[in-house]
Amino acid sequence: MILKADLYREHGFLKGLYLGLKITMMTMLRNLFKHDRMTLNYPEEKYFYSDRFKGKHVLTVKEDGTLRCTSCMLCSTYCPAQCIHIVAADDSDKEVEKAPVSFEIEMLRCVFCGFCEEACPVDAIRLTNEYEMSGHAEQEWVADHYELAFRKSLNGGRGIVSTVDDKDRLKLRL
Amino acid sequence: MNETFEFNARNMATYNEYLTRYDDVESALLPVLHLAQEQNGWLPEHVINYISGLMNIPAIKIKEVISFYDMFYDVPVARNVVHVCTNITCSMFGGREIYQGLLKHFDTGYLTPTRDGRISLQKMECLGACEIAPCMRVNNDFVGNLDLTSAIQKLEELP
Amino acid sequence: MTEKVNLTWNGKAIQAEKGSNLLKAALDNGIEVAHYCYHAGLSVAGVCRMCMVEQDGVPRPFPSCNATCGEGMVVRNDTPKIKSAVETTLQFHLLNHPLDCPVCDQAGECGLQDYYMKHGVYDSQMIDKKVHKEKVQDIGKNVMLDAERCILCSRCTRFTEEVTKTNELGILNRGDHAEITVNEQLKNDYAQNLVDICPVGALTSKDFRFKQRVWFLEEVQTTCIGCETGCAVKVSENKNGAFRVKPIYDHDVNGHWMCDDGRNIYKHVSSPTRLASATENINGLFVPADELAIQATLKGKKAKYILSTGLTVGEYANFFKAIKGSKAEVALYTLPNLGVEFDGLLKRGDKNPNLRGAKAAFEAAGFDHTQAALDKMLGSIASSDAVFVVVPEILYNEDHFNTLIKKVEKAGTRIALTPGETLGTLRSFNYLLPVPSFLEKNGEILNYQGAARTLRAGLSYGETSKDVSYYGKWVNV
Amino acid sequence: MKDVANYKDYALLSYHHIPGVHNLEIFERAGGYEMMKACFLKDPEAIKEEVKNSGLRGRGGAGFPTGVKWGFFSKDRNAKKYLLCNADESEPGTFKDRYLMEKNPHILIEGMIISAWALGTQKGYIYIRGEFYQQAVILERALKEAYAKGYLGKNIMGKGFDFDLYVHRGAGAYICGEETGMISSLEGKKGQPKLKPPFPAIKGYRGLPTMVNNVESLAAVPWIMRMGAAAYKQWGTEKSPGTKLFSISGDVNKPGVIEVPLSTTLKEIIEIHCGGMRNGNALKAVIPGGSSAPVFNAEDSYSVKMDYEDVAAKGSMLGSGAIIVLDETRNMGDVLKWTLEFYHHESCGQCTPCREGTGWLESVFKRRDTGKSQKSDIALLDKTAASMRGQTICALADAAAMPTQGMIKVFREELEQYVTTTGKK
């Protein structure tokens, strides 16, 4: 069946063909010069999701660069995929007292539900809007705390500082 | 610090007399601590251990008692201990200003001896001498109806 | 039996002995009463003020831990007055309590957390400065003290005063600056009980510090094999391993307590160096070996077995059934007596967990369990013998066991059946065969009274299907 | 005034006008120890009966009838029992016991000997607070004199009755004024109150029956025995008979200790006995019975009669009879701040509601120093104080809560204004 059959009947074949092509030509010319089209030339142009996006995890740090995580295990308890593995140890600084020696997330198991972000009492883990996590099958898919906290994309490797806790909590409560 | 401490002859006699007053040894602890504090000025670790051995009372119990009462000192204090009352009636008549004034004048803190080791000031609760408010206890004697200058003058005379 | 009285608590009729503790009667009858300072094994302090109750005819509420049961008492602790009293008293407990839950080992089994969920105020009015005290203090014998978390219920001071009578803990100062402290480092052998009775995270175990969160652990109720007392204990473990041992209340043997040595009996069960399968010793290197090959080398050799005193009654019976009719010789290696005969509380010098069970089984099977029989066997070992030695699980002093090993070296093939990891001392053995540890077998052992104490199997961390009787069958093959 | 005791006007201060009455001879010449000798001829039960009929109420603070309290005491005369005199007197504003013991220690000793004979106790201690060092020395010397005269020690008055009496100094803790707190302190421990029941009359010092009475209660016994219970009832009312020592301090011209019959009006005490208000200022408030008694505003102060019933009716308590007079220049916020500071410092720290509650009351009331204070803090103060009452082993929590609630009830606006103006020292 011919689409727009009434068009051809009304304008004849040639005029119908011209009208059809006119729409295509107009769109092509507009796209060539006005650039308002939807498509993105990945990887040159990347799409930036809002902060709400649940992408790759980040372990926030304090001002002095140490991990904010106190290894209280709430995230690994709450995680439906049970893919967070933490080993805690004594911290020399009496104020800190307990800090993780290793904090690993099995990236292939994680379903990026953000439960760990909710469970964390000290805003130590967040899900950033990073979505590029591709890699080879045989590579090591367990992200250790170095990658989670100090990878290049996080503030050039210095990690994302979370101050929501120390100053505000001390000012407010203790 | 391995200093040692023991009662001198007179205090040992008083200690034995104390024991006769009570039906068990522990009850004599407070009077004995007063005695030891009069002889040594304050009650450091080695005094505690001596008393613990003498009366066969666990050292932790003696530490508990010393830290509980205001008049036993586990920090070094000066020759003259001055209790300044800062309770209701005395504060009404300026007891607290006198205390702060004395601290500033002798440039010292709670209980820390002055540089010449003469005076230790202690902020105390009601001393039971409200009719002569504001008042002070200087080495077991009450001194009342004070103001800052008379208080300073009184403390200057102390040896 | 003393006279029983009937009383009603929140409308529920309960029975209790006349004059016995009112709070104990409620707890024994499953009535939930909030309490911190009351502990059945200690004297009454009555300082936490959580167990307040109202009684008909008594004008003022009073703490039930200081009251005794009388006939026909009508006691309530669910009236609105008591409910708000418990709520505000709990808020007082929490006022100066530090916000340490993320770094505190007690989280998950903390008295404050539990009661906060049930009786909490949920919108704290506290915005003032909390009182700070000394944190993270190592006070010896694997106990860590944090004076800031302490709610001053004085359970620990009463424990060191009444149970161990060593008076090591005390509360200094007055008012809300009161602080738990130690005179010098702890010295008594029951220090870990302090960690169990502390309702909050003020006293935590250094051995368990930050190892695991308690809600990941399940508990296996079993018996301690540290010495002949046979205390009832529970071992907390999960798939990654066993982590700690705690006592269970047992009326006849250990009451509420257990000694510190018993706290380490879990260590070999899930340790990484535990023997996983049959291994062969090739000039000092232990290499996995095939059982059939080992059995082959045994052909024609005279089998001699030296059993340990740590096996269960069932295992002895199965073993003797397995070697029935064979010419195998069996002897019993008993651990030497260690330290004081009896320390007055729980610890005993005789470290053999199931000595009575072993002797009974030996006599039943007609073998001689005495030391003389063992020496005779050791003396007559020839190179044509195959000697099986069951390694004791808990070796307090290894040199006594090493002398046994030296004597066994004359044998042709020397085989060690080891539940634990003592690879170091077993270098002179040809083969090492795994047997289940005490935490992986069901059975009974007879303690110093001769009473049967049950062992229950928890998770298994190694080859646990082959026990001593399995290797006993090799002699007939 | 000749050197003769004036028994007509005074029960306790009847010898105070005689110079040197702290010496035994002068005290005896003025009529001292006669009653003690007379009482030894009487049957102990008769003495107890007489004290009971006199309606004498405990002068320490609770006002519990002494005769009834003696009634709980075990009657077995050869069982080991103790008689303690509570001379700890740390209630802010109170200095009556010190005034009594300083001048006339023998009336206390005579009262204790008579009480010991009545109760059958073999040993007694006068627990005096650590700060009263000179008073302890005076008591010690008086006891030596009494021992020398044979009024103490073995076989007193040839009746085969032994009674040893010693002075025991405390070391600065308000809590040792509480009955069981004092007993713990006497046992050489921290002065922390014991759980009640069992009450001290049954199981007290070293687990043995112990009778604890205030200095003033024991010192009144000789007069009661001399003049009889009926004479004692002429003073005061049916329920609050006899005289009371009041220690008046604050904004009055002549602060000091006076002895007046109970239910004398406060107005009369201030204007006549104490020479009226200091430099003529108007009265603003009165703390009638020591720091743990809720405060009266001016109008109540002028109408109240100082006895146990009327003061309680007006919402306060007679307590130790320490009257602190506050004139219009005083700021009630400061008074409450000092009171809360006192209870925070003196709480023994055993029971949680009091240990944490007193500390919090003070820090809530001092929130203005940290700039976080608001009007609703006063409501929070009231609620917290209410939740502390009746929850603890001893009455210190109540003693901290009642003045707070009383002050809020009477001077709420002033407190709210005080709290919201920050920075005012």
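The values are calculated or read from the model by the stated rules, or taken from the named source; none is laboratory data. Note that the structure is a prediction, hence the values are computed from the model and not measured. Here Cβ is always computed from backbone atoms with ideal geometry, including for glycine, and neighbour counts include all displayed protein chains.
I'd like the full set of residues that are in a helix (DSSP H, G or I), touching a residue at least 12 places away in the same chain (Cβ under 8 Å) and under 30 Å from D:Gly55 (Cβ atoms), limited to segment D:292-313.
Narrowing segment D:292-313 to residues in a helix (DSSP H, G or I): D:298-303, D:308-313.
Still in the list and also touching a residue at least 12 places away in the same chain (Cβ under 8 Å): D:298, D:300-303, D:308-311.
Across segment D:292-313, the qualifying residues are D:Asp300, D:Ser301, D:Tyr302, D:Ser303, D:Tyr308, D:Glu309, D:Asp310, D:Val311.
Being touching a Lys or Arg at 6+ places or on another chain (Cβ under 7 Å) and buried (at least 20 other Cβ atoms within 10 Å of the Cβ) narrows it down to one residue among C:Leu378, C:Leu432; which is it? Break it down into steps so the answer makes sense when it comes.
Working: C:Leu432 fails: touching a Lys or Arg at 6+ places or on another chain (Cβ under 7 Å).
Exactly one residue qualifies, and that residue is C:Leu378.
Is it true that A:Thr60 is among the hydroxyl-bearing types (Ser, Thr, Tyr), at pLDDT 90 or above and in contact with a Gly (Cβ under 8 Å, 6 or more places away or on another chain)?
Numbers: among the hydroxyl-bearing types (Ser, Thr, Tyr): yes; at pLDDT 90 or above: yes; in contact with a Gly (Cβ under 8 Å, 6 or more places away or on another chain): yes.
Yes: the conditions hold for A:Thr60.
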Count, please, the residues in segment C:44-86 that happen to be facing chain D (nearest Cβ under 10 Å), surrounded by fewer than 17 Cβ atoms within 10 Å (Cβ to Cβ) and out of contact with any strand residue (DSSP E or B) (no Cβ under 8 Å at 6 or more places or on another chain). 3
Exactly one of these conditions fails for D:Thr352: (1) among the polar types (S, T, N, Q); (2) crowded, with 22+ Cβ neighbours inside 10 Å; (3) more than 7 Å from every other protein chain (Cβ to nearest Cβ); (4) without any contact (Cβ under 8 Å) to a residue 24 or more places away in the chain. Give me its number. (3)
Is it fair to say C:Leu417 is modelled with pLDDT of 90 or more, closer than 19 Å to C:Thr297 by Cβ and of a type in the set (A, V, I, L, M)? yes
Which condition number in (1) over 17 Å from C:Gln212 (Cα atoms); (2) within 14 Å of another protein chain (Cβ to nearest Cβ) is the one that A:Cys113 fails? (2)
Restricting attention to segment C:87-98, does a residue exist that is more than 8 Å from every other protein chain (Cβ to nearest Cβ) and touching a strand residue (DSSP E or B) at 6+ places or on another chain (Cβ under 9 Å)? no
Failed condition for D:Gly319, given (1) surrounded by fewer than 24 Cβ atoms within 10 Å (Cβ to Cβ); (2) not in a helix (DSSP H, G or I), with all others met? (1)
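Of everything in segment C:335-348 that's among the hydrophobic types (A, V, I, L, M, F, W, C) and assigned to a loop (DSSP other than H, G, I, E, B), which residue is surrounded by the fewest Cβ atoms within 10 Å (Cβ to Cβ)?
Per the stated criteria, the residue is C:Val340.
Could you say which residue among C:Ala293, C:Ala289, C:Ala232, C:Ala202 is touching an Asp or Glu at 6+ places or on another chain (Cβ under 6 Å), closer than 30 Å to C:Ala411 by Cα and aliphatic (A, V, I, L, M)?
Working: C:Ala293 fails: touching an Asp or Glu at 6+ places or on another chain (Cβ under 6 Å); C:Ala232 fails: closer than 30 Å to C:Ala411 by Cα; C:Ala202 fails: closer than 30 Å to C:Ala411 by Cα.
Result of the check over C:Ala293, C:Ala289, C:Ala232, C:Ala202: C:Ala289.
Is it the case, given these coordinates, that C:Asp114 is within 14 Å of chain A (Cβ to nearest Cβ), out of contact with any Asp or Glu (no Cβ under 7 Å at 6 or more places or on another chain), more than 30 Å from D:Ala173 (Cα to Cα) and of a type in the set (D, E, K, R)? Step through it out loud before you land on a result.
Numbers: within 14 Å of chain A (Cβ to nearest Cβ): no; out of contact with any Asp or Glu (no Cβ under 7 Å at 6 or more places or on another chain): yes; more than 30 Å from D:Ala173 (Cα to Cα): yes; of a type in the set (D, E, K, R): yes.
In short, no.
Given the structure, is C:Asn442 under 28 Å from C:Glu219 (Cβ atoms) and surrounded by fewer than 20 Cβ atoms within 10 Å (Cβ to Cβ)? Spell out how you get there, then give the answer.
Details: under 28 Å from C:Glu219 (Cβ atoms): yes; surrounded by fewer than 20 Cβ atoms within 10 Å (Cβ to Cβ): yes.
So C:Asn442 fits the description; yes.
If we only count helices (runs of 4 or more DSSP H) wholly inside segment B:58-131, which ones have 2 or more residues that are in contact (Cβ under 8 Å) with a residue 40 or more places away in the chain and either out of contact with any Pro (no Cβ under 7 Å at 6 or more places or on another chain) or more than 12 Å from chain D (Cβ to nearest Cβ) (or both)?
Details: elements: B:59-68, B:88-92, B:95-106.
Because the criterion is at least 2 residues that are in contact (Cβ under 8 Å) with a residue 40 or more places away in the chain and either out of contact with any Pro (no Cβ under 7 Å at 6 or more places or on another chain) or more than 12 Å from chain D (Cβ to nearest Cβ) (or both), the helices (runs of 4 or more DSSP H) in segment B:58-131 that meet it are B:88-92, B:95-106.
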Within segment B:64-80, work out how many residues are buried (at least 21 other Cβ atoms within 10 Å of the Cβ) and basic (Lys, Arg). 0
For segment D:367-419, name all the residues that are within 28 Å of D:Gln192 (Cα to Cα), more than 9 Å from chain C (Cβ to nearest Cβ) and of a type in the set (Val, Ile, Thr). D:Thr404
Of the residues in segment D:93-108, those that are among the β-branched types (Val, Ile, Thr) and within 14 Å of chain B (Cβ to nearest Cβ) number 1
Residues satisfying the stated conditions in segment D:276-291, i.e. within 24 Å of the chain's Cα centre (by Cα) and part of a loop (DSSP other than H, G, I, E, B): D:Gly289, D:Ser291
Within segment D:184-194, of all residues that are in contact (Cβ under 8 Å) with a residue 12 or more places away in the chain and surrounded by fewer than 24 Cβ atoms within 10 Å (Cβ to Cβ), the one nearest to the other protein chains (Cβ to nearest Cβ) is D:Glu187
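Answer yes if at least one residue in segment D:221-237 is in a loop (DSSP other than H, G, I, E, B) and farther than 17 Å from D:Cys394 by Cα, and no otherwise. Steps first, answer last, please.
At the first step, the residues of segment D:221-237 found to be in a loop (DSSP other than H, G, I, E, B) are D:235, D:237.
Next, from what is left, pick out any that are farther than 17 Å from D:Cys394 by Cα: D:235, D:237.
Yes, segment D:221-237 contains at least one residue that is in a loop (DSSP other than H, G, I, E, B) and farther than 17 Å from D:Cys394 by Cα.
Taking D:Glu259 as the residue in question, decide whether it is surrounded by fewer than 23 Cβ atoms within 10 Å (Cβ to Cβ), away from every other protein chain (no Cβ under 12 Å) and in a loop (DSSP other than H, G, I, E, B). It would help to see each step written out before you state the result.
Values: surrounded by fewer than 23 Cβ atoms within 10 Å (Cβ to Cβ): yes; away from every other protein chain (no Cβ under 12 Å): yes; in a loop (DSSP other than H, G, I, E, B): no.
Answer is no for this residue.
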Is it the case that C:Leu332 is assigned to a strand (DSSP E or B), crowded, with 19+ Cβ neighbours inside 10 Å and within 30 Å of the chain's Cα centre (by Cα)? yes
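So that you can scan it fast, the table gives a plain yes or no per residue for (1) of a type in the set (D, E, K, R); (2) in contact with a helix residue (DSSP H, G or I) (Cβ under 6 Å, 6 or more places away or on another chain); (3) surrounded by fewer than 23 Cβ atoms within 10 Å (Cβ to Cβ); (4) in a loop (DSSP other than H, G, I, E, B):
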position	(1), (2), (3), (4)
D:Asp377	yes, yes, yes, no
D:Asp382	yes, yes, yes, no
D:Ala385	no, yes, no, no
D:Thr392	no, yes, no, yes
D:Ile408	no, yes, yes, no
D:Glu413	yes, no, yes, no
D:Tyr418	no, yes, yes, no
If you check every pair at least six apart or on different chains, which have Cβ atoms under 9 Å apart with a residue in segment D:109-125 that is over 19 Å from D:Asp97 (Cβ atoms) and within 14 Å of chain B (Cβ to nearest Cβ) first and a residue that is among the small types (Gly, Ala, Ser) and in a helix (DSSP H, G or I) second? D:Thr121/D:Ser115; D:Gln122/D:Ala116; D:Lys123/D:Ala116
Can you name the residue in segment A:121-135 that is in a loop (DSSP other than H, G, I, E, B) and surrounded by 18 or more Cβ atoms within 10 Å (Cβ to Cβ) and is also modelled with the highest pLDDT among such residues? A:Ala124
